[in-house]
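First comes the structure, then the notes that go with it.
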Ligand SMILES: Nc1ncnc2c1ncn2[C@@H]1O[C@H](COP(=O)(O)OP(=O)(O)OP(=O)(O)O)[C@@H](O)[C@H]1O
Ligand SMILES: [Mg+2]
């Protein structure tokens, strides 16, 4: 009955209620679109980080993350293989890598490069490495030639068929030295990568670093990225912690995670500004709604409706307005973001290029994660509860004789 | 006959004013079951104050209001809500009704608060609306009713829950003569048929003639207390 009363009270002044509901609705729509955009972008960046750099989880030597030298290359032991196998279908595939800085030269010119020993088939699965090939071919696991980035080729004046000489520090202080014919050239959008990367087949690179059967990292790509934490801790439990550790991409890229969090916080602040503006709309409406029926409220109290129940009616009115606003906002906001989720906005030349540089598609991707919508509901509910305190207080302070008389 | 309300040494002094106002002075009255009483007196004589105090809406400065052997003057506010809801019916001068509820819902409202069985409640509400001549307005909202009809719904609501007594503060003040007579006739008839004690205040000499007992207040004190034999 109290619910009926509250509901009907809302529609006494239809226009006013609709306006208030609209203010909530627009706040919710705006917040949804904004959050969907930012979440979508974040997801895009996370995907890019995961596929281009860290993967979901990496197994490393315990000391490697803090001190990434060849001495902290881990043994790709039976123990590691078994631990990964024990995870079964949770792991889609693994990507073994050995990598480190070294000096590359041709005749008298030389420069620092970053050498990656990889299995091409695995890299292709993870980041489509072979599609970056602009000249020559990709090596097979048992080949003995190098594939280098275009920037490196230009700076050292290397062409297909030329020989690149590599010099570096191998495992446990061994000198690493080798010369390899250049069999392919890759082009990377990011200058950092384009000017430094040199690829060798994994086995060849292990030989070069004097670290056979050793890896700097074994990257795991998971069936369900959400399970990264779980998988990492299972691996940690399984592996000998004197030698091995497992880290999620978030642990590997803490500064990126912090940046995302800062961005999320910004968005939430903005959303709260919207909610508070809408909250003031509801507040204004509740003030008028209370004042224009003081006599009626006084009479209700006089005939024996308890203050608590009357306060409940007024609180319900506030909640209803908010609830309708949120539902309407979601009803309008969802199709909008769903549309952009299906048809991402193609970005203009300048912005798009920056994204390509960072290894992302030049599209503005929207997210339709349910928590975006749940977030609206919860926060507007909180705002409504706070605003609803006003009529509640008013009811408890109401002097019924005075109110019923005037 | 059984005593329904008894006041002893009832006084009410307002001190929130420049000079203290003695709205009620030592009022000692007894109302018996089934009485139909008009409280009259000039403006400011204390009629409203008296009804508020015996209705548990206001506290006396001194004295007792005994209903059902309980002195409600000392009752806590939270208890008074329940007490009013169970024992007292109210009719105010105007705007008695809940605008968003239909006539039949308004009449059922107090019975609803009393958690009466739904069926009994509906039946009683319809019966009461019939009694006040509004059986064709069951589902009409107050805004679509005339002032007189609204007051009749209010009377139906006050009586529907079968309270110990009904208090009506100038129930006819906003009505034209015909509606005022009509309302008073209905109140008089229900008083007899339902044997409910009715106390109403009025300025209006014309409606005073319907009452069986007329109490005149002057400056907050009982000036006259007359009984008439009417039918
Ligand atoms: N809340 C209040 N504060 C101060 N004085 C009050 C208050 N209510 C009533 N009074 C005073 O108490 C006296 C009695 O008022 P009351 O309203 O009971 O008279 P009344 O007989 O109902 O008058 P009317 O016929 O005009 O309705 C008046 O002098 C009035 O001014
Ligand atoms: Mg009065």
Matching residues in the range B:174-199 - criterion: being under 21 Å from residue B:53 (Cα atoms) and either without any contact (Cβ under 8 Å) to a residue 60 or more places away in the chain or more than 16 Å from ligand 2 (Cβ to nearest atom) (or both): B:196, B:197, B:198
If I ask for residues that are surrounded by 15 or more Cβ atoms within 10 Å (Cβ to Cβ) and either outside any helix (DSSP H, G or I) or modelled with pLDDT of 95 or more (or both), which ones from the range A:163-173 would you list? A:164, A:165, A:166, A:167, A:168, A:169, A:170
For residue A:28, are the conditions met, namely being touching a residue at least 60 places away in the same chain (Cβ under 8 Å) and touching a helix residue (DSSP H, G or I) at 6+ places or on another chain (Cβ under 6 Å)? yes
Give the residue that is nearest to residue A:28 (Cα to Cα), with candidates limited to residues of the range A:366-406 that are within 14 Å of another protein chain (Cβ to nearest Cβ), at pLDDT 90 or above and part of a helix (DSSP H, G or I). A:395
Among the candidates B:171, B:163, residue that is within 16 Å of ligand 2 (Cβ to nearest atom), part of a loop (DSSP other than H, G, I, E, B) and within 28 Å of residue B:120 (Cα to Cα): B:171
Count of the range B:35-49 residues which are surrounded by 18 or more Cβ atoms within 10 Å (Cβ to Cβ) and within 7 Å of ligand 1 (Cβ to nearest atom): 6
For the range A:288-299, name all the residues that are within 13 Å of chain B (Cβ to nearest Cβ) and farther than 17 Å from residue B:82 by Cα. A:289, A:292, A:293, A:294, A:295, A:296
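Residue-wise test of (1) more than 16 Å from ligand 1 (Cβ to nearest atom); (2) modelled with pLDDT under 95; (3) in contact with a helix residue (DSSP H, G or I) (Cβ under 8 Å, 6 or more places away or on another chain); (4) within 11 Å of another protein chain (Cβ to nearest Cβ).
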| position | (1), (2), (3), (4) |
| --- | --- |
| B:51 | no, no, no, yes |
| B:56 | no, yes, yes, yes |
| B:68 | yes, yes, yes, no |
| B:76 | yes, yes, no, no |
| B:82 | yes, yes, no, yes |
| B:86 | yes, yes, no, yes |
| B:92 | no, yes, yes, yes |
| B:96 | yes, yes, yes, yes |
| B:100 | yes, yes, yes, yes |
So how many residues does the range A:121-162 have that are part of a loop (DSSP other than H, G, I, E, B) and either crowded, with 18+ Cβ neighbours inside 10 Å or not assigned by TED's automatic domain parsing to the domain that holds residue A:178 (or both)? 5
Would you check if there is a residue in the range A:300-316 being away from chain B (no Cβ under 14 Å) and in contact with a helix residue (DSSP H, G or I) (Cβ under 8 Å, 6 or more places away or on another chain)? yes
Examine the range B:137-151 for a residue that is touching a strand residue (DSSP E or B) at 6+ places or on another chain (Cβ under 8 Å), on the phi < 0 side of the Ramachandran plot, at pLDDT 90 or above and more than 8 Å from every other protein chain (Cβ to nearest Cβ), and state whether such a residue exists. yes
Among the residues of the range B:186-193, is there at least one that is part of a strand (DSSP E or B) and more than 20 Å from residue B:43 (Cβ to Cβ)? no
If you go through A:45, A:35, the only one that is away from chain B (no Cβ under 14 Å) and surrounded by 21 or more Cβ atoms within 10 Å (Cβ to Cβ) is A:35
State which residue is farthest from residue A:220 (Cα to Cα) when the search covers only the range A:9-32 and only residues that are buried (at least 17 other Cβ atoms within 10 Å of the Cβ) and within 14 Å of chain B (Cβ to nearest Cβ). A:9
Looking at the structure I just gave you, is residue B:26 surrounded by 13 or more Cβ atoms within 10 Å (Cβ to Cβ), at pLDDT 90 or above and under 19 Å from the mean Cα position of the chain (by Cα)? no
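The values are calculated or read from the model by the stated rules, or taken from the named source; none is laboratory data. Just so you know, these numbers come straight off a predicted model, no measurement behind them. Reconstructed Cβ throughout: ideal geometry from the backbone, glycine too, with neighbour counts over all protein chains shown.
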